[in-house]
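Here's the structure we're looking at; comments come further down.
Read-outs throughout are calculated quantities, based only on the coordinates presented, and are distinct from any laboratory measurement. Model, not experiment: these values are computed from the prediction. Note that each Cβ is placed from the backbone with ideal geometry, even for glycine, and that neighbours are counted across all protein chains shown.
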Amino acid sequence: MAWLVAVWTMVWPGLVLVSSLGLSWLLLRTIARALTRPRETRLVLRPSAAGAADTLVVAVHGMPGVVKFAGALALIAETWPEADHLVVDYHDSWLRGFTSSADARAVADAIEQGIHAEFKRGQYRRVVLVGYSAGASLLRKALVWAYGEEEDRVAFGRRGKRAWVDTIERVVLLAGMNRGWSVDPRPDLMSWPTYLSIRLGEFLAGFLGIGRLISAMHRGSSFIADTRLQWVRLARSEDVVAGRQHFPQVIQLIGSEDDLVSKEDGQDLSTAAGTLFKTLAQTGHKEIGGALDDTSTPAALERRRMIALALRGRVDELEPDLVEMKEDREVDRLVYVMHGIRDLGEWTDRVRDEVRRRYEGNAERVAVFSAKYGRFPMARFLLPFDRQRNVREFMDRYTEHVARYPNAKSMDYVGHSNGTYILGSALLRYVTIRVRRVFFAGSVMPYGYPWTELVDGGRVESVVNVVATRDWVVAIFPKMFQQIADLFRLDSRQGLFDLGGAGFDGFGASGLSAAVDNLEYSRGAHSTGVDVDDQDKLAAIASYVVGGERAGLRTFESAKKKNPLLAVVSTLCVLVWLGLLVGLSLLGYLIFLWFASHGLLLAGAAVAGYVLLVILLLYWI
């Protein structure tokens, strides 16, 4: 009993400390969320002093708030005195904007419904839309929804195409965050104090569970990526290209000293005919929309003049930039080859080159990407925030490619390990993404992944999943998340428990569709499905991706059953994890006891060093 008392005496202070910190954190999150509850989006109509107006100008502010947008509103009123002005106010201050937990889609829905209601009331002949920074992104979402591109509007109710889109004369975007904001890496024009303050804000928002609205504007987020894909598909639709569907003139103005938005951020805008870009000299992100009441310098006056010309659509006087459109309209297909967490992706180049070779002489043209994100350690992969970073980066890259290759009809995907997670997670989080053929190896997605739902919804055509006999990586590590989710009936579609053991168990249950082919079983470990040194495997992957041929895939089915010992261990993987934790804890306790005989201070330093070493090892393996 003495040793139990000694252990309890040692553990009790730690338990008290951890509990206190946990309760303090929960209290802070509760207070922070209460203080940052989203306010209702308001749309205020400012009628023309001249009486009945035939023009409606809609203005949406950025994150600094409607108060900081006063100069822009005054300029709009000065430029369009004969029009009615519909001013959107989704928060009233800088602090509220950057901490708000508002749903960006709910704000966009309120904007679209507000415009629709005012249009019906006023029976306007033309509509002009003006958005600044994040407000431009909200306005673009409202616009694509009003055109009927509403895959992500289900929660608010789909409403089909609105009549008011046929009267939109112009869309003016002031430093529009079309691609979303990002400080990774630090933008060239961003000062270090600004960069560090944003990084601190990101950390505090995540720690306190606030800032949902600004997070929705992050580069690669579902709100931004879905909007971009909807925009490209709308602008490149047959009706718009053939002139059967009206699409407004789009003018994007950015500052030469903007530290958040660059010229490249508007690439998806270029898919629409009539899009114009204008760079304003001596202008930063703040000045272009939040400081237009400044008339103290020649640069400020010129800035106001240029924006007024854009609002009126006086293109000849505006003298827009000569922009080289980075587009290739001959590409029909996009193919992505994505590696796993513990390799550098050398095999992806072999697959990429083979797919390209097979497309030579083909009537279709293809663009193949074997993007690499470096070695991704297991510890980071097990943390949902870290693994989602790769998903966002992929979606940002994908939307850029869709904009660059606007006539690409579909996408094919080859993924291994974390590469399977990137697509699997993206399909559930981004409702606009569609993929033709999927090849998974070493999959870390759950056994019951909803392929049937995706296939029936027309978002996936076919799936091939290599099931390995000795994939201990999948059988023990990600499968634990699947077992916990099944045991406690937790959500395995998004969040902490969206991992599983499909690379060892295959896909099945409700997630299995006739379009899903589990290749059972491939003799080998985690990388057997992408062992492209085997020419038969390389040929099979390429043949499936290029032509949908399945006969060669049988080369992967080289065994009749899984490794029986690993199958047993896999069913007990939660206990394996528990054993690892107990073993690490016991080793730490033994280290403490040994060093304690030489002094408690030395023992404390030794345990701290041991914990640091374990963390470093987890971030290395």
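Worth a mention:
- Evaluated at q = 0.08, 0.14, 0.15, 0.17 Å⁻¹: base-10 log I(q)/I(0), Debye formula over Cα of region 42-318: -0.30, -0.98, -1.14, -1.51
- Helical mean residue ellipticity (222 nm; -39500 (n - 2.57) per DSSP H run of 4+; nearest 500) of the chain: -14500 deg cm²/dmol
- Semi-axis lengths, Å, the chain, gyration tensor of Cα atoms, sqrt of 5 times eigenvalues: 48, 34, 21
- Long-range amide H partners of R46 with built H, under 5 Å: H85, L86, V87
- Applied to region 425-430, the Karplus parametrisation 6.51 cos²θ - 1.76 cosθ + 1.60 on θ = phi - 60° returns per-residue 3J(HN,Hα) values of 5, 4, 4, 8, 9, 10 Hz, with x for Gly and Pro.
- Projected-area mean, region 191-258, by convex hull of Cα positions, square nanometres: 6.6
- Size estimate for region 333-568 follows the Kirkwood approach: the inverse of mean 1/r over distinct Cα pairs works out to 17.5 Å.
- For region 129-226, the ratio of Cα radius of gyration to the globular rule of thumb 2.2 N^0.38 Å stands at 1.27.
- Considering only L43, W472, G552, the residue lying farthest towards the positive end of the dipole of the chain is W472, judged by Cα position with unit charges set on Cβ.
- The residues packed around G495, meaning those with a beta-carbon under 13 Å from its beta-carbon, carry a net charge of +1 if Lys and Arg are +1 and Asp and Glu are -1.
- Between 0 and 90°, nearest 10: helix 384-404 axis offset from the chain longest Cα axis: 50
- Tail beyond 17 Å, pair distance distribution of region 418-506 (Cα, percent): 45
- The magnitude of the dipole of the chain, with charges of +1 and -1 set on the Cβ of Lys/Arg and Asp/Glu and taken from the Cα centre, is near 1060 debye.
- Positive-end residue, region 42-318 charge dipole about Cα centroid, Cβ charges, pick of A108, I288, S197: A108
- Close amide-amide hydrogen proximity is noted between Y336 and F369, D412, Y413, V414, each under 5 Å apart and 5 or more residues distant or on a separate chain (H modeled in the peptide plane; Pro and chain starts excluded).
- Protection proxy ranking, highest mean first, for peptides 440-449, 277-286: 440-449, 277-286, where packing is the per-residue count of other beta-carbon atoms within 10 Å, averaged.
- Expected-Rg normalisation [2.2 N^0.38 Å, Cα atoms] applied to region 541-586: 1.99
- Evaluated with a Cβ-only charge set (Lys, Arg +1; Asp, Glu -1), region 42-318 carries a dipole of roughly 440 debye about its Cα centre, given to the nearest 20.
- Along the axis of the charge dipole computed for the chain (Cβ charges of +1 for Lys and Arg, -1 for Asp and Glu, origin at the Cα centre), the listed residues P320, A525, G448 are led at the positive end by G448.
- Average silhouette area of region 354-475, convex hull of alpha-carbon atoms, in square nanometres: 8.7
- Taking other residues whose beta carbon is less than 9 angstrom from the beta carbon of G148, and scoring Lys, Arg as +1 and Asp, Glu as -1, yields +2.
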